[in-house]
Amino acid sequence: MVKITEKFAEFCEEIEFKKLPADVVKRTKLLILDTVGIIIRARHDAESTPSLLTAIEKLELDNGSCNVFSDSKSYTPGAAALLNGSLAHSLDFDDTHAEASLHSSAPILSAAIAAAQMQKSSGQDLITACVLGYEIQIRLGLAGGSSAHYKRGFHPTATCGIFGAAAAAGYLIGLNKEQFISAFGIALSQSAGSMQFLADGAWTKRSHVGQAAQNGLNCAIMAGEGFKGPADAFDGKWGYLHSYASGGDITKALEGLGTKYETLNLGVKPYPSCRYSHAAIDGLIEFRNELNFSLDNLDEVEIGLSETALNIIGYPEEDKKNPKSIVDGQFSMPFCAAVALKGGDLTWDDYKTHLSDSDTLSLCRSIKVNPDEDAENCCPEYMSAKVKIVVDGVQHEKFIKIPKGEPENFMSDNEFKSKFISLTEPYLSSKRIDQLTDLMMRMENVNTVNSIFELSQVDI
């Protein structure tokens with residue numbers, strides 16, 4: 001019987017930059033660019049950031065060899081991974097894998113770049129580490145079955161993310177096969193992340209991801225120093241795929257490993273909200289542009305979603321129609337729909353404006369969200385939605401199978417740059433933005449990663 005843990009460890013030991021296809025390298029650079037832009041904005045604007053920074057200071061972790069984007073301090077490696085990872089997920093604007101239902105760059109890049117600073121690694125090494133982490137994390141998500149995992153209350157970005165983070169960091173510090181096996185085994189006892197934050201808009205979803213990055217880095221370091229973890233982290237009787245995530249197709253863990261790159265199936269978000277809301281937002285914006293109607297003439301809005309989506313952004317109905325915090329808004333289909341209908345978009349700044357706007361909240365409460373058979377049939381491969389509106393008594397309907405940003409409907413290079421500019425322009429000059437963008441898009445030629453942090457500092 002093929003051992004998943006052993007095969008993953010072999011893949012980790014054997015991966016090389018020169019073996020990576022050109023499209024995988026380019027995609028990874030775009031994902032890094034996207035994530036860095038999010039971190040920069042979240043460092044200054046996310047409402048959870050001040051308390052996180054103060055906690056790190058009180059723990060005396062703010063004096064080390066590693067950095068956080070757009071932050072002038074230095075931090076211990078673990079603290080830097082925790083902060084970058086938490087910030088990368090604080091806007092809920094980071095990349096996603098639809099079928100595995102998780103975010104990848106936030107935990108993996110954050111662990112990798114801390115390890116890269118520790119090792120003075122090159123840009124090529126950082127890219128390779130990220131690809132490795134993506135492949136491990138996503139494949140665990142696919143093998144475990146995202147719907148079953150969610151139903152048990154787990155947050156797969158975090159529970160799978162620690163293993164991807166350990167793989168990425170382990171590659172950069174030079175682990176061998178046996179050490180990777182131990183790193184995964186150590187990570188098994190630290191895999192965590194509860195969806196209970198949905199009940200009251202708590203900030204823990206953000207810290208889950210930072211902790212996955214921090215703990216993944218710790219696991220790799222411990223394994224490198226000879227600390228032994230259980231050998232069958234994924235395959236064993238109490239391993240991840242039998243205890244945490246039973247209910248999926250285990251064969252997906254190794255399917256095409258090393259030849260088929262799940263990295264290319266990561267999607268990028270055009271809106272800072274739960275990915276399950278994006279198809280409906282796309283549809284409503286399209287209707288708004290096509291029909292050019294006034295909200296006064298809008299009689300009815302109904303959105304159809306899959307069961308998985310409904311349980312995250314549709315239920316409980318009373319809570320979703322009365323969001324009180326940014327997290328509430330990000331995970332409310334009615335609220336996101338109301339903002340899109342009012343303004344023709346959904347941006348990070350919209351939360352501050354619309355969460356206290358009586359007209360938006362009134363529209364939010366009028367929007368119906370229901371199960372839809374077509375959306376269910378597309379799940380988990382696609383986060384689809386059906387949108388029905390009635391304008392002046394006439395019904396209009398459209399089904400959005402593939403939301404903007406998914407691999408089959410991907411953002412252009414210019415759209416990537418526009419998103420990066422919109423995130424960073426409050427804090428970086430246009431010259432600095434251009435310099436930072438250029439550096440990251442030629443990452444394979446960078447000798448060390450420190451210059452990225454230098455260019456991310458506020459200059460306006």
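Within the range 46-60, take every residue that is of a type outside the set (Val, Ile, Thr) and under 25 Å from the mean Cα position of the chain (by Cα) and give me the one that is farthest from LYS352 (Cα to Cα). Among them, the one singled out is ALA55. Considering only the range 312-323, I want to know if a residue exists there that is buried (at least 20 other Cβ atoms within 10 Å of the Cβ), in a helix (DSSP H, G or I), in contact with a helix residue (DSSP H, G or I) (Cβ under 6 Å, 6 or more places away or on another chain) and charged (D, E, K, R). Checked the range 312-323: at least one residue is buried (at least 20 other Cβ atoms within 10 Å of the Cβ), in a helix (DSSP H, G or I), in contact with a helix residue (DSSP H, G or I) (Cβ under 6 Å, 6 or more places away or on another chain) and charged (D, E, K, R).
Yes/no per residue for (1) within 17 Å of LEU31 (Cα to Cα); (2) of a type outside the set (Ser, Thr, Tyr); (3) in a loop (DSSP other than H, G, I, E, B):
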{"site": "GLU57", "(1), (2), (3)": "no, yes, no"}
{"site": "LEU61", "(1), (2), (3)": "no, yes, yes"}
{"site": "GLY64", "(1), (2), (3)": "no, yes, yes"}
{"site": "PHE69", "(1), (2), (3)": "yes, yes, yes"}
{"site": "LEU83", "(1), (2), (3)": "no, yes, no"}
{"site": "SER86", "(1), (2), (3)": "yes, no, no"}
{"site": "ASP92", "(1), (2), (3)": "yes, yes, yes"}
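Only one entry of GLU415, GLU376, GLU408 meets the criterion of being under 22 Å from the mean Cα position of the chain (by Cα), surrounded by 14 or more Cβ atoms within 10 Å (Cβ to Cβ) and not in a loop (DSSP other than H, G, I, E, B), and that entry is GLU415.
When you look at VAL394, is it of a type in the set (A, V, I, L, M, F, W, C), at negative phi, exposed (fewer than 13 other Cβ atoms within 10 Å of the Cβ) and more than 18 Å from the chain's Cα centre (by Cα), yes or no?
Working: of a type in the set (A, V, I, L, M, F, W, C): yes; at negative phi: yes; exposed (fewer than 13 other Cβ atoms within 10 Å of the Cβ): yes; more than 18 Å from the chain's Cα centre (by Cα): yes.
So VAL394 passes the test.
In the set (1) surrounded by 23 or more Cβ atoms within 10 Å (Cβ to Cβ); (2) over 25 Å from ARG365 (Cβ atoms), the condition left unmet by PRO272 is number (2).
Count of the range 161-179 residues, restricted to those that are part of a helix (DSSP H, G or I) and over 22 Å from the mean Cα position of the chain (by Cα), is 4. Every condition in (1) outside any helix (DSSP H, G or I); (2) under 23 Å from the mean Cα position of the chain (by Cα) holds for GLU302 except the one numbered (2).
Could you tell me which of the residues ALA143, ALA187 is assigned to a helix (DSSP H, G or I), buried (at least 24 other Cβ atoms within 10 Å of the Cβ) and of a type in the set (A, V, I, L, M)?
Working: ALA143 fails: buried (at least 24 other Cβ atoms within 10 Å of the Cβ).
Only one candidate passes the filter, namely ALA187.
Checked against (1) over 11 Å from the mean Cα position of the chain (by Cα); (2) crowded, with 23+ Cβ neighbours inside 10 Å; (3) under 30 Å from GLY329 (Cβ atoms), ALA106 passes all but a single condition, namely (1).
Taking the range 124-155 as the range and being out of contact with any Ser or Thr (no Cβ under 8 Å at 6 or more places or on another chain) and over 19 Å from LEU257 (Cα atoms) as the test, the residues that pass are GLN124, ASP125, LEU126, LYS151, ARG152.
I'd like the full set of residues that are assigned to a helix (DSSP H, G or I), polar (S, T, N, Q) and under 23 Å from the mean Cα position of the chain (by Cα), limited to the range 236-265.
Within the range 236-265, THR263, ASN265 meet the criteria.
Rundown of residues vs (1) modelled with pLDDT of 95 or more; (2) under 30 Å from HIS149 (Cα atoms); (3) surrounded by 15 or more Cβ atoms within 10 Å (Cβ to Cβ), yes/no style:
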| site | (1), (2), (3) |
| --- | --- |
| ASP299 | yes, no, no |
| LEU310 | yes, yes, yes |
| TRP348 | no, yes, yes |
| CYS364 | yes, yes, yes |
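Scan (1) closer than 30 Å to ASN377 by Cα; (2) surrounded by 15 or more Cβ atoms within 10 Å (Cβ to Cβ); (3) without any contact (Cβ under 8 Å) to a residue 40 or more places away in the chain; (4) of a type outside the set (A, V, I, L, M) for the single condition ARG432 breaks and write down its number. Among (1) closer than 30 Å to ASN377 by Cα; (2) surrounded by 15 or more Cβ atoms within 10 Å (Cβ to Cβ); (3) without any contact (Cβ under 8 Å) to a residue 40 or more places away in the chain; (4) of a type outside the set (A, V, I, L, M), ARG432 violates only (1).
All conditions in (1) over 28 Å from THR35 (Cα atoms); (2) surrounded by 22 or more Cβ atoms within 10 Å (Cβ to Cβ) hold for ASN289, with the sole exception of (2).
Do the conditions hold for GLU286, that is, is it free of Cβ contacts under 8 Å to residues at least 24 places away in the same chain, charged (D, E, K, R), over 15 Å from GLU99 (Cα atoms) and part of a helix (DSSP H, G or I)?
Details: free of Cβ contacts under 8 Å to residues at least 24 places away in the same chain: no; charged (D, E, K, R): yes; over 15 Å from GLU99 (Cα atoms): yes; part of a helix (DSSP H, G or I): yes.
Spelling it out, it is not the case that GLU286 is free of Cβ contacts under 8 Å to residues at least 24 places away in the same chain, charged (D, E, K, R), over 15 Å from GLU99 (Cα atoms) and part of a helix (DSSP H, G or I).
Of the numbered criteria (1) modelled with pLDDT of 95 or more; (2) under 20 Å from the mean Cα position of the chain (by Cα); (3) among the small types (Gly, Ala, Ser); (4) farther than 26 Å from LYS29 by Cα, the one SER182 fails is (2).
The values are calculated or read from the model by the stated rules, or taken from the named source; none is laboratory data. Every value quoted in this text rests on a predicted model; they were computed, and no experiment measured them. With ideal geometry, Cβ positions are generated from the backbone for all residues, glycine too; neighbour counts draw on all protein chains shown.
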